[in-house]
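Undergrad: Pasting in a structure now, in structure tokens, and then I'll have a few things to ask.
The values are calculated or read from the model by the stated rules, or taken from the named source; none is laboratory data. On a predicted model such as this, the values are computed, not experimentally measured, just so you know. Ideal geometry is used to build each Cβ from the backbone, glycine not excepted, and the neighbour counts take in all protein chains shown. Please note that ligands, DNA and RNA were not included when accessible areas were found on the heavy atoms of the full protein model with its side chains. Shrake-Rupley method; radii C 1.70, N 1.55, O 1.52, S 1.80 Å.
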Amino acid sequence: MTGRAIGRRQILAGAGVAALAAPNLARAQATPIRIGEINSYTAQPAFLQPYRNAWILAQEQVNAAGGINGRPIETIFRDDAGKPEDAVRLAGELVNAERVSLLAGGFLSNIGLALADFANQNRRLFVASEPLTDALVWSRGNRYTFRLRASTYMQSAMLVEEAAKLPAKRWATVAPNYEYGQSAVRWFKELLTRAKPGVEFVAEQFPALGRIDAGATVQALAAANPEAIFNVTFGADLTNFVRQGSTRGLFERRRVVSLLTGEPEYLDPLGDEAPEGWIVTGYPWEQIDTPSHTPFREAYRKRWNDYPRLGSVVGYDTVMAIAALLKKTPSTETEAMVDAMAGLQFNSVFGPIEFRAIDHQSTMGAFVGRTVLKNGKGAMADWRYADGKDYLPSDDVVRTLRPQA
Amino acid sequence: MATLEVAGLEKSFGGVRAVQGVSFAVHPGEMLALIGPNGAGKSTCFNMLNGQLRPDAGTVRLLGREITGLAPRQVWRLGVGRTFQITATFGSMTVLENVQMALLSHHRRLGGLWRPVARLDAAPARALLGRLGMADQAERPCGILAYGDLKRVELAIALANEPKLLLMDEPTAGMAPQERVALMALTAEIARESGIAVLFTEHDMDVVFSHADRILVLDRGRLIAEGAPAAVRADPNVREVYLGSGAVTGAH
Amino acid sequence: MENLLLQALSGLASASSLFLVASGLTVIFGVSRVVNFAHGSLYMLGAYLAFTLVTQLPRGHLGFWGGVVGAAIIVGLIGVVVEVLLLRRIYRAPELFQLLATFGVVLIVQDLALMTWGAQDLLGPRAPGLRGSTEILGLRFPLYELFLIGVGPVVLGLLWLLFHRTRWGTLVRAATQDREMVGALGVNQRMLFTSVFFLGSLLAGLGGALQLPRESVNLHMDLSIITEAFVVVVVGGLGSLSGAALAALLIGELHAFGILVLPKITLVLVFLVMALVLVVRPHGLLGKPEAAARGGQGSAAPLIGPAPPALRRLGLAALAVAVLLPPFLGDYALSVLTEMAILVLFAASLHLIMGPGGMASFGHAAYFGLGAYGAALAGQWLGAPMLAGLALAPLAAGIFGLVFGFFCVRLSGVYAAMLTLAFAQIAWSVAFQWVELTGGDNGILGVWPDRWAAPKLVYYYLALVLCLGATLLLRRVIHAPFGYALRAQRDSTLRAEAIGIDAFRIRWLGFGLAAAAAGIAGGLFAYAKGSVFPTYMDIPRSVDALLMVLLGGVHTLSGPIVGALALTGLQEQLVRITDYWRLVLGSIIVLLVLFFPQGLAGAARARWEARHGDA
């Protein structure tokens, strides 16, 4: 674990050095384009350190390549400590005091929504990187907010496709008891029932986030004797669930379909106890050798002496999306940027993606595969890239989901 | 009519009968002392009179009205002032404010949210303090007052609602001898002037025999003697209870 | 049937782990009367240290169990360090002040753990010999869970022997009953307290270390265990070991069976139980009423009087700045000032019940949040304009304040604080769970001010007028008979009742008034932020409120104002200066507790009085 938190001054200094080193800046007087980035760094360090590392890497690369028409980009990071009300205040600070051209970031869904509403109210562009909630682009979507990551709906839909192929009829679900977990379960049930009429859901568990009583939860699921399980827990809840589940034999002769579990953030802490044969969405970083991914992985390793997590991809691609946007529009005026964001296409680490004009959701996909143990560590096998554009509802449906669309 | 009439008062604590069948009366302007050795049940008896304790049996009547089992604050509203063995005043307030609180409560003005206390009932409070010789202490915090002065403050507080009955638990405990006499003389004077009935417990037999009009003697929860000081002093039962202590004869 | 039995066994295993942590907390409280918020941090350190030791030591029984015991002992020693350096100096301070100090320790430990062990969750090895499972009635049950089920009763038995069969234990029990008496007996109280802290911390560390084979070690362990441990200790009765055991059993089984019946209610279940227990049995299941603190407050609270001229001038100058400067400020500065004005009122409302009222509230955020939700819901469901929302905010908060307060103000000290916490958590989980009404954790968005108040400057003045007005009103109330009555029942309930003051009623109304004032703050906050979230009434916000009041000084009228300004200013700056703001903030809190126990305003006042003589 080399992930030490990086002091803010170091980051700014690093950015500054990179900016100075950029040859095209000989033209001088090029004032940097400032991006305001808000995230829950102290509340969720495990996910956000790799994210910020990759962000810095991307920024350095953009600036080394001459910046945006000669102007370097510069990021001002803020820690919201996991509180939406602080995020809103910091957004105000970044916009009013730091004069950033646009806002980005957000890991927790509620913070994403708070920032989106702020952006809408203050007419600022907000590029949401991580928050998964569907509401961000649908029920509470607005003109000024765009999201990079594949949403709860999309990832659930990807897994439903696999789940429908299983013979299992009796399903149980376990999900953290907050919006993300609840809506993942809701979509999964709805989509699976549609894809495979006749399935029944025999048990639902909603442990409190970060406080799972794993033994009792596992026992309660086992008591319902399902044929398959849909898991949405992650982080510490997941590790505890897996440990209790495997000791108590919950996963034997049962298929498990699991959201996000293939991401190194969640798979790696499990070590040699990573479950085998789960169908998951995730990020098999060591196996993806595509022209867009390999250089990213190597550059990240070189810069940080660590391997990338999914958060790194998200951080990196957020910067790249912003860079693509700034290259597309000559102005940093909000309305022009927002117009340019709609339909913006760029080459992400996972390949070409587009921010859909209809709902501002990017088509970034996820990898769907099976978990295996390799060299005493969890890994993904038989994976494929599920392109996000194939897992979104039809435009007609989207229009009903999103008021302004 | 008697100010206070007590009949058949009983109280037990887990099998120990602290007070058994106590009956007596106090009349307007009368100073009645309740004495007895430690553990005789004086404080228990006292606490039942103003509602701090609920008696197991018996009745307490104030001016003919039954007040048994009422809460202390209700008893107070009916005109019973009280001072405590260990003084209880509001330490974060001045002497004057302490008395003002009692007056404001008496006038039912404690719900006031707007006018500052400083401007309410200050004059009558000062007058009361003056009566007790505490006028020059009015602005001092109660938290730093000498013990004897606190006793006077308590008396002022107790007098604030123009009580018919004053209950004083060891009013002179912790005071210097001259102070004791002065305080009790003042109390007796006020009592006679305003027709207040005073019931007090006291350890100091000098105080008891020189200020009480009548004396009740309690032993192990029972009333063993009652009467004028001279009669009580001569009572063989009382002598037996206090045997060897010589306290009854005091330093006369 | 088999399933129910296994469910009960799972509950027992949780109960056992919970008991280890809670027993340490209750033993420490029993003797020192310190409500140790940092107990959860000690638990987390136990887990981290065990991880390090077990993975460094050779594999096998010796390595594993040696590591677990070693970690527990190290944590015990850390507890000693905390006791000697910090807590020993503040035993005489009010309970909430100690809570504040230990909360500072929590913040410090969080960042130290992050620096030492990194951010990623760590999954420790399983216990040698207890890796697998056994069959019970044909169902599999982990061996390690069985082992844990045994550990609880064994520890309870050992503690019982320790307390009943050794001289040290007799002294500890005596001290639990009557602290002053033991001091009077000539026992070395310092050694006694320190050794009790060692034992309590060791139990926390052991509890954490024994989780290693069960769950991953992470940076959120401290706060997630401490609330549960508080619940267990309070439900059981503070200071009662057997009470803690009983309550742990109750809570553990409640969890295990609760999720069978109502899987979504786990968040609130324990707090419902705690509220219920405290309402029915104000001192917990097996607790005894606290011996009335002898001599009341060690030192009487100071008088309140009109502000001295110097302070008045200072206040007027600050007011002039607050009124005249903003037109020249940018939007961000305005929003910070707006937030400060709101938090001043929030702090002042808590101060009313803590200072003059002498009550402890650990859940004041509930009323802030209820005000915010009241305004936001009125806007969302009834289309109420902003002013109507702002009027509704104190109403909603005040009504709930009266309902919750009815039960809370009957209790005293830690029990009252915990009941306020329980109600706050219940309100929080309703906001969190009732998605259809409140939007759940995604909150309610679009709570923006009406058009006329939308400019930041206008809204700032609106907030300033309302907050300052309400704060001054509270101040006025404190000088009025009602405020005096509050102080009267705080100074001496006996005397208050003896002059006809209904202490319960005064406390109750005071609580309701404070809640309504907090509701105004919450309503203004909702429109300032444009959104409402369950975080508005979560534990950290209640802690913030406490911090503001205690930093400023409980016994000064300007304390909450100074405290609110200091804390918001500090946090706002710190977050921007360093990533380790928790470490800095925690250290500042600890230093303030040690060196300015009267709070900032209290210290300033003491200085002023020293210079100008006692007024």
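Undergrad: Has the stretch C:6-18 got at least one residue that is touching a residue at least 40 places away in the same chain (Cβ under 8 Å), under 26 Å from C:Leu100 (Cα atoms) and either open to solvent by 50 Å² or more (accessible area, probe 1.4 Å) or outside the structural domain of C:Met115 (by TED's automatic domain parsing) (or both)?
TA: no
Undergrad: Run B:Asp136 past the list (1) within 11 Å of chain C (Cβ to nearest Cβ); (2) among the acidic types (Asp, Glu); (3) part of a helix (DSSP H, G or I) and report the number of the one that doesn't hold.
TA: For B:Asp136, the exception is condition (1).
Undergrad: Do we find that A:Leu238 is within 13 Å of chain C (Cβ to nearest Cβ), under 29 Å from C:Phe257 (Cβ atoms) and open to solvent by 20 Å² or more (accessible area, probe 1.4 Å) in this structure?
TA: No; evaluated as a whole, the condition is false for this residue.
Undergrad: Also, quick follow-up: Does B:Leu49 satisfy being more than 14 Å from every other protein chain (Cβ to nearest Cβ), under 12 Å from B:Asp169 (Cβ atoms) and open to solvent by less than 10 Å² (accessible area, probe 1.4 Å)?
TA: No.
Undergrad: Then there's this: Within the stretch A:173-229, can you find the residues that are more than 23 Å from A:Leu132 (Cβ to Cβ), part of a helix (DSSP H, G or I) and of a type in the set (Val, Ile, Thr)?
TA: Correct list: A:Val218 only.
Undergrad: May I ask you to list pairs of residues, at least six apart or on different chains, whose Cβ atoms are under 7 Å apart, with the first in the stretch C:242-265 being in contact (Cβ under 8 Å) with a residue 40 or more places away in the chain and the second being open to solvent by 70 Å² or more (accessible area, probe 1.4 Å)?
TA: Note: pairs meeting the criteria are C:Ser242/C:Leu286; C:Gly243/C:Leu286; C:Leu246/C:Leu286.
Undergrad: Which pairs turn up if I take residues in the stretch B:3-17 that are under 14 Å from B:Phe46 (Cα atoms) and look for partners that are among the basic types (Lys, Arg) and open to solvent by 30 Å² or more (accessible area, probe 1.4 Å) with beta carbon separation below 9 Å, at least 6 apart in sequence or on another chain?
TA: B:Leu4/B:Arg61; B:Leu4/B:Lys164; B:Glu5/B:Arg61; B:Val6/B:Arg61; B:Ala7/B:Arg61; B:Glu10/B:Arg17; B:Lys11/B:Arg17; B:Lys11/B:Arg54
Undergrad: Would a scan of the stretch B:190-197 turn up a residue that is assigned to a helix (DSSP H, G or I), aliphatic (A, V, I, L, M) and either in contact (Cβ under 8 Å) with a residue 12 or more places away in the chain or outside the structural domain of B:Asp219 (by TED's automatic domain parsing) (or both)?
TA: Yes, the stretch B:190-197 contains at least one residue that is assigned to a helix (DSSP H, G or I), aliphatic (A, V, I, L, M) and either in contact (Cβ under 8 Å) with a residue 12 or more places away in the chain or outside the structural domain of B:Asp219 (by TED's automatic domain parsing) (or both).
Undergrad: Within the stretch C:112-152, track down each residue that is among the aliphatic types (A, V, I, L, M), more than 9 Å from chain A (Cβ to nearest Cβ) and part of a helix (DSSP H, G or I).
TA: Correct list: C:Leu112, C:Ala113, C:Leu146, C:Leu148, C:Ile149, C:Val151.
Undergrad: Which of (1) assigned to a loop (DSSP other than H, G, I, E, B); (2) of a type in the set (Ser, Thr, Tyr); (3) closer than 22 Å to B:Glu170 by Cβ is the odd one out, the single condition B:Ser43 does not satisfy?
TA: All conditions pass for B:Ser43, except number (1).
Undergrad: Is it true that A:Val185 is closer than 30 Å to A:Met364 by Cα, open to solvent by less than 10 Å² (accessible area, probe 1.4 Å) and without any contact (Cβ under 8 Å) to a residue 40 or more places away in the chain?
TA: The answer is no for A:Val185.
Undergrad: Say whether the condition of being farther than 26 Å from A:Glu227 by Cβ and within 12 Å of chain C (Cβ to nearest Cβ) is met by at least one residue in the stretch A:254-267.
TA: yes
Undergrad: I'd like to verify a number: residues in the stretch A:199-217 that are more than 7 Å from chain C (Cβ to nearest Cβ) and surrounded by fewer than 24 Cβ atoms within 10 Å (Cβ to Cβ), how many?
TA: Residues in the stretch A:199-217 being more than 7 Å from chain C (Cβ to nearest Cβ) and surrounded by fewer than 24 Cβ atoms within 10 Å (Cβ to Cβ): 6 in total.
Undergrad: Is it the case, given these coordinates, that C:Val109 is open to solvent by less than 30 Å² (accessible area, probe 1.4 Å), within 14 Å of another protein chain (Cβ to nearest Cβ) and modelled with pLDDT of 90 or more?
TA: In short, yes.
Undergrad: May I pose another question? Take the stretch C:165-186 and flag every residue that is assigned to a loop (DSSP other than H, G, I, E, B) and at pLDDT below 85.
TA: Residues satisfying the conditions are C:Asp178, C:Leu185, C:Gly186.
Undergrad: Something else now. Can you tell which of A:Arg9, A:Arg71, A:Arg4 is at pLDDT 85 or above and open to solvent by 10 Å² or more (accessible area, probe 1.4 Å)?
TA: A:Arg71
Undergrad: Considering the stretch A:94-115 alone, what residues qualify as being surrounded by 24 or more Cβ atoms within 10 Å (Cβ to Cβ) and at the interface with another protein chain (Cβ under 8 Å from one of its Cβ atoms)?
TA: Listed by number, the residues that qualify are A:Ser109, A:Asn110, A:Leu113, A:Ala114.
So that you can scan it fast, the table gives a plain yes or no per residue for (1) surrounded by 21 or more Cβ atoms within 10 Å (Cβ to Cβ); (2) part of a loop (DSSP other than H, G, I, E, B); (3) in contact with a helix residue (DSSP H, G or I) (Cβ under 9 Å, 6 or more places away or on another chain):
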| residue | (1), (2), (3) |
| --- | --- |
| B:Gly148 | no, no, yes |
| B:Ile157 | yes, no, yes |
| B:Leu167 | yes, no, yes |
| B:Thr172 | yes, yes, yes |
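Undergrad: Follow-up. For the stretch C:485-522, how many residues meet the condition of being at negative phi, facing chain B (nearest Cβ under 7 Å) and not hydroxyl-bearing (Ser, Thr, Tyr)?
TA: Within the stretch C:485-522, residues that are at negative phi, facing chain B (nearest Cβ under 7 Å) and not hydroxyl-bearing (Ser, Thr, Tyr) number 11.
Undergrad: Among the residues of the stretch A:363-370, is any open to solvent by 20 Å² or more (accessible area, probe 1.4 Å) and not polar (S, T, N, Q)?
TA: Yes, the conditions are met somewhere in the stretch A:363-370.
Undergrad: Give just the number: which of (1) under 26 Å from C:Leu319 (Cβ atoms); (2) more than 9 Å from every other protein chain (Cβ to nearest Cβ); (3) crowded, with 24+ Cβ neighbours inside 10 Å does C:Asp544 not satisfy?
TA: Only one criterion in (1) under 26 Å from C:Leu319 (Cβ atoms); (2) more than 9 Å from every other protein chain (Cβ to nearest Cβ); (3) crowded, with 24+ Cβ neighbours inside 10 Å is unmet by C:Asp544, namely (3).
Undergrad: For the stretch A:289-300, state whether one or more residues are more than 24 Å from A:Leu102 (Cβ to Cβ), surrounded by 24 or more Cβ atoms within 10 Å (Cβ to Cβ) and of a type in the set (Lys, Arg).
TA: Within the stretch A:289-300, not a single residue is more than 24 Å from A:Leu102 (Cβ to Cβ), surrounded by 24 or more Cβ atoms within 10 Å (Cβ to Cβ) and of a type in the set (Lys, Arg).
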